1. Could you check how many residues of segment 30-47 are open to solvent by less than 20 Å² (accessible area, probe 1.4 Å) and in contact (Cβ under 8 Å) with a residue 24 or more places away in the chain?
2. Is it the case that residue 51 is modelled with pLDDT of 95 or more, loosely packed, with under 13 Cβ neighbours inside 10 Å and within 15 Å of the chain's Cα centre (by Cα)?
3. If you check residue 12 against the conditions, is it modelled with pLDDT of 95 or more, more than 27 Å from residue 93 (Cα to Cα) and surrounded by 13 or more Cβ atoms within 10 Å (Cβ to Cβ)?
4. Give the number of residues within segment 48-87 that are farther than 16 Å from residue 102 by Cβ, among the hydroxyl-bearing types (Ser, Thr, Tyr) and either outside any helix (DSSP H, G or I) or touching a strand residue (DSSP E or B) at 6+ places or on another chain (Cβ under 6 Å) (or both).
5. Being without any contact (Cβ under 8 Å) to a residue 60 or more places away in the chain, closer than 18 Å to residue 28 by Cα and open to solvent by 60 Å² or more (accessible area, probe 1.4 Å): is that true of residue 76 here?
6. Every residue in segment 16-29 that is surrounded by 13 or more Cβ atoms within 10 Å (Cβ to Cβ) and either in a helix (DSSP H, G or I) or β-branched (Val, Ile, Thr) (or both), please.
Amino acid sequence: LERRLKQSGFVVKRVDDTTHRAGFTVKPAVYTLGKSRLEVFLYRDSASAARDVAKLDTLTAGPVGKPSQWGEVPPTLIRSANIAAVLLSQSARQIERAVNALTAGPPQAGSPRPCW
C-alpha cells in the first residue's frame, strides 16, 4: 500500500495514531500525504470490509444519522477488496490520485510493477 502511494507521487509518512473510528471494526493505519490525511482500515477479508462499509453513510464516512467524525474537511471514502480508507483532502487532484492508487488492484503476473 505504501509503495503504491509512493509510486503515485505521494510523500507518505506514517502517523502514530490509535484513534478508533465509529463504524469501523478495525483500527486504522494513519498516514499523511503532504497536507492530506489518509486513514486505511485493513480487514482480514473483503467480506469483513464490505460489512462495515455497508453500514456507513458514504457522504460522512461514518455511521448513518451521525455527524461527521472527520472535522472540517469532507471525507472521501475509498473501498477496494479488503481495504476501506478515508482520505481528508481539499485537493481534487490528490483525491483522484489516491483513489486510483488504492483501487487499481494487486499487481498482475508479468507486470513491470514490483509486488509489495
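The values are calculated or read from the model by the stated rules, or taken from the named source; none is laboratory data. Quick caveat: nothing in here was measured; it's all calculated off a predicted structure. Counting neighbours? That spans all protein chains shown, and the Cβs are built from the backbone with ideal geometry, glycine included. In case anyone asks, the SASA skips ligands and DNA or RNA and just uses the protein heavy atoms, side chains included. Shrake-Rupley method; radii C 1.70, N 1.55, O 1.52, S 1.80 Å.
1. If we filter segment 30-47 for residues that are open to solvent by less than 20 Å² (accessible area, probe 1.4 Å), which is where we start, we get 30-31, 33, 36, 38-41, 43.
When the remaining residues are screened for being in contact (Cβ under 8 Å) with a residue 24 or more places away in the chain, the result is 31, 33, 36, 38-41, 43.
Going through segment 30-47 one residue at a time, the tally reaches 8.
2. Details: modelled with pLDDT of 95 or more: yes; loosely packed, with under 13 Cβ neighbours inside 10 Å: yes; within 15 Å of the chain's Cα centre (by Cα): no.
The answer is no for residue 51.
3. Details: modelled with pLDDT of 95 or more: yes; more than 27 Å from residue 93 (Cα to Cα): no; surrounded by 13 or more Cβ atoms within 10 Å (Cβ to Cβ): yes.
So residue 12 does not fit the description; no.
4. Looking only at that region, the number is 2.
5. Working: without any contact (Cβ under 8 Å) to a residue 60 or more places away in the chain: yes; closer than 18 Å to residue 28 by Cα: yes; open to solvent by 60 Å² or more (accessible area, probe 1.4 Å): no.
No: the conditions fail for residue 76.
6. The initial filter retains those residues of segment 16-29 that are surrounded by 13 or more Cβ atoms within 10 Å (Cβ to Cβ), namely 21, 23-29.
Those that are surrounded by 13 or more Cβ atoms within 10 Å (Cβ to Cβ) and either in a helix (DSSP H, G or I) or β-branched (Val, Ile, Thr) (or both): 25, 26.
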